[in-house]
1. Can you pull out the residues in the stretch 82-108 that are closer than 22 Å to Ala54 by Cα, assigned to a strand (DSSP E or B) and of a type in the set (Val, Ile, Thr)?
2. Given (1) at pLDDT 95 or above; (2) open to solvent by 50 Å² or more (accessible area, probe 1.4 Å); (3) under 22 Å from Val150 (Cα atoms), identify the lone condition not met by Lys126.
3. Out of Ser74, Ser84, I need the residue that is surrounded by 13 or more Cβ atoms within 10 Å (Cβ to Cβ) and free of Cβ contacts under 8 Å to residues at least 40 places away in the same chain. Which one?
4. Which residues, counting only those in the stretch 129-145, are open to solvent by less than 30 Å² (accessible area, probe 1.4 Å), aliphatic (A, V, I, L, M) and either in a loop (DSSP other than H, G, I, E, B) or farther than 22 Å from Thr75 by Cα (or both)?
Amino acid sequence: CTLLHTYTLSADRQTGKVSFQAPADGPYCLMFFSKPVEAGRTPGLSDFSMTETAQYDGAVLSIDSPKKVKDEYSTAETVTITVSNTGIEPMTGAKARLLLNGTEVASENLPEVAPGATVQYTFATKIDMSADLSNEMKAELVWDRDSDPVNNSVSATFVSDLASPPYSVDLSDND
């Protein structure tokens, strides 16, 4: 059996996670070693899983700008998102799509993203967020090769401070 990877558990020696690449042709041999433990404790292994990394998988991680809360939104807001290629092949030919209150407002080609890389993407299209005091924005990754669509979108609510108290109105009739 060929050793593919070694990993030391966290400082408390109770948790750990490791990722590594194994040759596609197998076979695989898994070995677990435990150092001697304190009296009364039994070494063990639980919640163990092995998953295959998707060949093609992109993800939208976050909407980074504009700020989620600000005084007023303009007619030309800049939107930046973070996208990750969690697959093992380059992400090419993908698009970033932006919806505001359920309506598509931008769809743009993403640059190539290397396997394992995370990049910020700023839309060239400026977004009009001035009409409503609260806006629901959704950023989506559209890639026909993507094998795991579960992580392809992120939503966030953007609220103008003008929609929230404190504010005061003087209704007195003082001339």
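1. Thr82, Val83 - these are the residues of the stretch 82-108 that are closer than 22 Å to Ala54 by Cα, assigned to a strand (DSSP E or B) and of a type in the set (Val, Ile, Thr).
2. (3)
3. Checking each option against the conditions leaves just Ser84.
4. Matches in the stretch 129-145: Met129, Leu141.
The values are calculated or read from the model by the stated rules, or taken from the named source; none is laboratory data. From a predicted model like this one, the values you see are computed outputs, not experimental measurements. No Cβ is skipped: glycine too gets one built from the backbone with ideal geometry, and neighbour counts run over all protein chains shown. When the accessible area is computed, the model is the full protein with side chains, heavy atoms only, and any ligands, DNA or RNA have been set aside. Shrake-Rupley method; radii C 1.70, N 1.55, O 1.52, S 1.80 Å.
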